[in-house]
Amino acid sequence: MLKQGELWDQQRTVYEQPKVSFQYSYLFLAEMEDPEEGRATSASVVTCSSFPSYSTLTEQLQPCSDVQVIPTDTNHDHTLDHLSVSIGFNPPDRGSRLSFYTFYFFLEATVSSQCRFVIPAFVSLEKVPPPAGRTFLSGTIVHSGLMATRQTVALQCPFFMRHQQSHFSDRYYPNENTTLDGFEPRVIRAQIEAANPAYYEYRPQHTDWTMDGSGMIRVQIDVAIGGNESTSVALLYKTSLWWKLCQFWGSYFPLLIVSLWLAEKTKQYLFERFFLRAVEVVPWKNKYN
């Protein structure tokens with residue numbers, strides 16, 4: 001859907017729900033605290049990720065449960081409207097409480113209404129502490145939010161006789177050469193912004209903390225994609241000459257038809273009532289021969 005604007009605008013806003021897929025590229029880190037000692041130790045850090053290099057760097061000793069992914073296609077149009085990703089772990093020490101946690105994962109988002117782009121999508125929570133004044137030993141934490149566009153440059157699609165197109169890079173993914181600092185969400189986000197004209201980010205709206213006696217902590221992120229929040233995933237595109245011509249034709253052709261019809265009816269009315277009379281025009285060659 002196109003936002004209505006001036007015909008000769010250099011840019012236009014396009015509302016399109018991206019096709020999203022989970023890439024199983026994620027990282028989770030939680031720091032636990034001993035309530036008696038009042039300080040965090042290295043043994044109370046829980047990490048798990050899909051990146052082997054991160055597991056090697058951190059000498060991961062406290063594995064989490066497998067990540068759970070629940071995709072939801074509400075209107076059965078083969079496009080995800082909602083995505084739920086969760087991960088759980090058992091605290092390493094009995095009675096230790098949650099100090100903070102970091103959780104992020106990557107998505108692949110594809111748009112194709114104007115031209116096909118595979119746009120980076122990064123969902124992240126960084127160093128989230130429990131609510132003030134509460135000791136969280138075990139239970140479920142649910143973050144609800146939506147996916148939103150961050151854009152620095154209008155996107156360019158190729159058109160007839162001009163094949164320039166915006167390019168997206170995936171070099172922000174951590175690899176075997178990435179240091180520990182390179183796995184931090186702020187570093188990854190900076191790399192995404194530097195290498196891409198646009199990307200999708202996660203905007204949390206509210207969080208529910210539910211304590212229980214299960215002895216396990218589970219962190220869940222719910223992401224709304226488009227739908228009622230379609231304005232949040234809008235993208236800005238450069239307008240091409242051909243698009244402007246199409247808009248001109250679509251906007252003014254009906255007006256031209258109506259104008260011609262009114263002119264014909266006006267002429268017919270004037271001649272039928274003899275306000276104007278038809279005059280035969282004789283070519284000058286026939287007149288003087």
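The values are calculated or read from the model by the stated rules, or taken from the named source; none is laboratory data. Just so it is clear, the structure is predicted and the values come from calculations on it, not from any experiment. A quick note on method: Cβ atoms are made from the backbone with ideal geometry, for glycine too, and the neighbour counts reach across all protein chains shown. Accessible surface areas use protein heavy atoms only, side chains included; no ligands, DNA or RNA. Shrake-Rupley method; radii C 1.70, N 1.55, O 1.52, S 1.80 Å.
Scoring residue 104 on the criteria (1) under 24 Å from residue 44 (Cβ atoms); (2) touching a Leu at 6+ places or on another chain (Cβ under 7 Å); (3) open to solvent by 40 Å² or more (accessible area, probe 1.4 Å); (4) not acidic (Asp, Glu) leaves a single failure, condition (3).
Every listed requirement among (1) under 24 Å from residue 188 (Cα atoms); (2) touching a strand residue (DSSP E or B) at 6+ places or on another chain (Cβ under 6 Å); (3) open to solvent by 10 Å² or more (accessible area, probe 1.4 Å); (4) not hydroxyl-bearing (Ser, Thr, Tyr) is met by residue 80 save one, (1). Scanning the range 176-193 for residues that are of a type in the set (A, V, I, L, M, F, W, C) and open to solvent by 90 Å² or more (accessible area, probe 1.4 Å) yields a count of 0.
Does residue 184 satisfy the criteria of being in the same structural domain as residue 79 (by the TED database) and over 23 Å from residue 19 (Cα atoms)? Criteria met by residue 184. One residue stands out in the range 132-162 among those that are part of a loop (DSSP other than H, G, I, E, B) and within 24 Å of residue 201 (Cβ to Cβ): the one that is most open to solvent (accessible area, probe 1.4 Å), namely 152. Is it the case, given these coordinates, that residue 221 is touching a strand residue (DSSP E or B) at 6+ places or on another chain (Cβ under 6 Å), buried (at least 17 other Cβ atoms within 10 Å of the Cβ) and modelled with pLDDT of 90 or more? In short, yes.
This table checks each residue for (1) open to solvent by 40 Å² or more (accessible area, probe 1.4 Å); (2) in contact with a Pro (Cβ under 9 Å, 6 or more places away or on another chain); (3) in a strand (DSSP E or B); (4) at pLDDT 85 or above.
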{"site": "21", "(1), (2), (3), (4)": "yes, yes, yes, yes"}
{"site": "27", "(1), (2), (3), (4)": "no, yes, yes, yes"}
{"site": "31", "(1), (2), (3), (4)": "yes, no, yes, yes"}
{"site": "46", "(1), (2), (3), (4)": "no, yes, yes, yes"}
{"site": "56", "(1), (2), (3), (4)": "yes, no, no, no"}
{"site": "86", "(1), (2), (3), (4)": "no, no, yes, yes"}
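Say we look at the range 163-175 and pick out the residues that are among the aromatic types (Phe, Trp, Tyr) and farther than 19 Å from residue 113 by Cα; which of these is least open to solvent (accessible area, probe 1.4 Å)? Filtering first and then ranking leaves 172. Exactly one residue among 112, 42, 65 is modelled with pLDDT of 90 or more and exposed (fewer than 15 other Cβ atoms within 10 Å of the Cβ), and that residue is 112.
The residues on offer are 124, 99, and the sole one that is in contact (Cβ under 8 Å) with a residue 60 or more places away in the chain, open to solvent by 10 Å² or more (accessible area, probe 1.4 Å), assigned to a strand (DSSP E or B) and in contact with a helix residue (DSSP H, G or I) (Cβ under 7 Å, 6 or more places away or on another chain) is 124.
Can you tell me which residue is farthest from residue 90 (Cα to Cα) among those in the range 194-215 that are open to solvent by 60 Å² or more (accessible area, probe 1.4 Å) and not polar (S, T, N, Q)? The selected residue is 194.
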